[in-house]
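Student: Pasting in a structure now, in structure tokens, and then I'll have a few things to ask.
The values are calculated or read from the model by the stated rules, or taken from the named source; none is laboratory data. Note that the structure is predicted; figures quoted are calculated from it, not measured. Counting neighbours? That spans all protein chains shown, and the Cβs are built from the backbone with ideal geometry, glycine included.
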Amino acid sequence: MSTGVTVRDAGPEDAVNGVRPRWVALPETVEEIAAVLRECAARDLAVVPAGGGTKLHWGPPPERCDVLLDLCCMNETLEHAAGDLVVRVQAGVTVAALAEALAGKGQELVLDAPFAADATVGGTLATAPPGPRAFRHGTARDLLIGITVVLPDGTIARSGGKVVKNVAGYDLGKLFTGSYGTLGVIAEATFRLHPLPAGRRWVVAALDAAEVAPACAALAASQAEPSAVEVDRPAPGGPVTLAALVEGAAAGARAGTLRELVGRGTVTAEQPSWWGAITRDDVLVEVRFPPSRTADVLDAAAGAGLALRGSPVSGRLLLEAWRDITRDELAAALAALRGPARAHVLAAPYDDLDRWGPVSALPLMRRVKERFDPGRRMSPGRYVGGI
């Protein structure tokens, strides 16, 4: 590839969900990303962007992958306007490194991304895993205020932040967040920040499954304003641990109020060890549902033999296989879950599953894919409906 960008032959460790690319390109600037994509367009080469590689096994395998576009060299914080609570970073900055830099200024990006030590900003946006505090502060899509992307033909486009150059009126930030690299490459991102809270307290209680839904409803409506309410059930059908987080002024007193609502538990300054974590992701299912269906989803997950963790108040749970699970068992679990909820498979060793289930917006999503990537060169087949 005659782009002036560092390129090496791919090895087995560069495989994307089992599909090994031919080359790995390592751009260091937005312009170098554009040069690689122009060259790939001219040669009809398929490209998969990569950050820390923590979620490359999520989603279906790509139909083809000629070039892995590794953004590890794009790892700089470009601007931190602390007074405005705004930061602009390259896509290859890890979530943990950004958190450390912002903490020195008494600020944070409230993403709570899993695998933070290795996960990058770009990869976190591309897969959009919601963290515990999304209940109070919003998801990555809500915190993103500006983005720079490179389209499959090498066009550089920006929207939001200080510079607005949209593509045919599209909101690029919302489109690219959660797109799994199927529309182009996220190169830079600008985020809204929050001050580090003055205090944090968790209320932790063990509940029976039948108690979870009413407890979560009471916590969500409380004037004590929890930042997050998470549950953890490591064994199907077993007890559920509930943890509610309060942040800021008078955190201890507000946590006491939440404990009274739950009716039991302890108040602690120690974050639960399972909080926001993904412990086993060889089989991982994301479930979205109206909070009013919490009890139904808990019952369906128990019957399916899946452990769970997540936020009933946000209507979002992650289900993990706590033992080896067959393809037929996982298919049956999905069928049970898709009654009260929308369930899609983030990771599984079975390629012939219906990973996504019914998606009403699929025709619109196909039109967006055709608009941005008519040649199907960006992560082909990695998203809903084979997009």
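Student: Can you find a residue in the range 33-47 that is within 20 Å of residue 188 (Cβ to Cβ), touching a Leu at 6+ places or on another chain (Cβ under 7 Å) and either assigned to a loop (DSSP other than H, G, I, E, B) or of a type outside the set (A, V, I, L, M, F, W, C) (or both)?
Tutor: No, the range 33-47 contains no residue that is within 20 Å of residue 188 (Cβ to Cβ), touching a Leu at 6+ places or on another chain (Cβ under 7 Å) and either assigned to a loop (DSSP other than H, G, I, E, B) or of a type outside the set (A, V, I, L, M, F, W, C) (or both).
Student: Shifting gears a bit: So which of 256, 238 is farther than 22 Å from residue 130 by Cβ, surrounded by fewer than 22 Cβ atoms within 10 Å (Cβ to Cβ) and at pLDDT below 95?
Tutor: Values: 256 fails: at pLDDT below 95.
After applying the criteria, what remains is 238.
Student: I'd like the full set of residues that are surrounded by 13 or more Cβ atoms within 10 Å (Cβ to Cβ), in a loop (DSSP other than H, G, I, E, B) and over 22 Å from the mean Cα position of the chain (by Cα), limited to the range 1-20.
Tutor: Step one: of the range 1-20, the residues surrounded by 13 or more Cβ atoms within 10 Å (Cβ to Cβ) are 1, 3, 5-7, 10, 14-17, 19-20.
Next, only the ones that are in a loop (DSSP other than H, G, I, E, B) stay: 1, 3, 5, 10, 15, 17, 20.
Residues satisfying the conditions are 1, 3, 5, 10, 20.
Student: Could you list, in sequence order, all residues of the range 333-352 that are surrounded by 15 or more Cβ atoms within 10 Å (Cβ to Cβ) and over 20 Å from the mean Cα position of the chain (by Cα)? Full working, then the answer.
Tutor: Residues of the range 333-352 that are surrounded by 15 or more Cβ atoms within 10 Å (Cβ to Cβ), as a first pass: 333-334, 336-338, 340-348.
If the condition is that a residue be surrounded by 15 or more Cβ atoms within 10 Å (Cβ to Cβ) and over 20 Å from the mean Cα position of the chain (by Cα), then 333, 334, 336, 337, 338, 340 are the ones that fit.
Student: Next question. Let me confirm something: among 346, 308, 364, which residue is in contact (Cβ under 8 Å) with a residue 40 or more places away in the chain, within 20 Å of residue 178 (Cβ to Cβ) and outside any loop (DSSP other than H, G, I, E, B)?
Tutor: Values: 308 fails: within 20 Å of residue 178 (Cβ to Cβ); 364 fails: in contact (Cβ under 8 Å) with a residue 40 or more places away in the chain.
On inspection, the qualifying residue turns out to be 346.
Student: Would a scan of the range 244-264 turn up a residue that is touching a strand residue (DSSP E or B) at 6+ places or on another chain (Cβ under 7 Å) and under 29 Å from residue 323 (Cβ atoms)?
Tutor: No, every residue in the range 244-264 fails to be touching a strand residue (DSSP E or B) at 6+ places or on another chain (Cβ under 7 Å) and under 29 Å from residue 323 (Cβ atoms).
Student: Here is a follow-up. From the residues in the range 99-111 that are in contact (Cβ under 8 Å) with a residue 40 or more places away in the chain and in contact with a strand residue (DSSP E or B) (Cβ under 8 Å, 6 or more places away or on another chain), which one is nearest to residue 75 (Cα to Cα)? Don't jump to the end; show me each part of the working.
Tutor: Keep residues of the range 99-111 that are in contact (Cβ under 8 Å) with a residue 40 or more places away in the chain, which gives 102-103, 106-110.
Next, only the ones that are in contact with a strand residue (DSSP E or B) (Cβ under 8 Å, 6 or more places away or on another chain) stay: 102, 106-110.
On the way: 102: 15, 106: 21, 107: 19, 108: 18, 109: 16, 110: 19 Å.
Per the stated criteria, the residue is 102.
Student: Restricting attention to the range 151-184, and to residues there that are under 27 Å from residue 85 (Cβ atoms) and β-branched (Val, Ile, Thr), which single residue is modelled with the lowest pLDDT? Step through it out loud before you land on a result.
Tutor: Keep residues of the range 151-184 that are under 27 Å from residue 85 (Cβ atoms), which gives 156-166, 170-179.
Next cut, β-branched (Val, Ile, Thr) only: 156, 163-164, 177.
Values: 156: 97, 163: 41, 164: 36, 177: 97.
Checking each candidate, the answer is 164.
Student: Considering (1) surrounded by fewer than 18 Cβ atoms within 10 Å (Cβ to Cβ); (2) within 22 Å of the chain's Cα centre (by Cα), say which one residue 210 fails and leave the rest.
Tutor: (2)
Student: Residues being within 19 Å of residue 211 (Cβ to Cβ) and at pLDDT below 95: count how many of those fall in the range 241-253.
Tutor: Looking only at that region, the number is 0.
Student: Within the range 93-107, restricting attention to residues that are over 17 Å from residue 122 (Cα atoms) and in contact with a helix residue (DSSP H, G or I) (Cβ under 9 Å, 6 or more places away or on another chain), which residue is surrounded by the fewest Cβ atoms within 10 Å (Cβ to Cβ)?
Tutor: 106
Student: What number goes with the only condition from (1) of a type in the set (Gly, Ala, Ser); (2) in contact with a Lys or Arg (Cβ under 9 Å, 6 or more places away or on another chain); (3) closer than 15 Å to residue 241 by Cα that residue 305 does not pass?
Tutor: (3)
Student: For the range 68-98, enumerate the residues that are part of a strand (DSSP E or B), free of Cβ contacts under 8 Å to residues at least 60 places away in the same chain and under 29 Å from residue 349 (Cα atoms).
Tutor: 68, 70, 94
Student: Now, a different point. Quick one: residue 210 ticks every box in (1) in contact with a helix residue (DSSP H, G or I) (Cβ under 9 Å, 6 or more places away or on another chain); (2) modelled with pLDDT of 95 or more bar one, so which box is it?
Tutor: Only one criterion is unmet by residue 210, namely (2).
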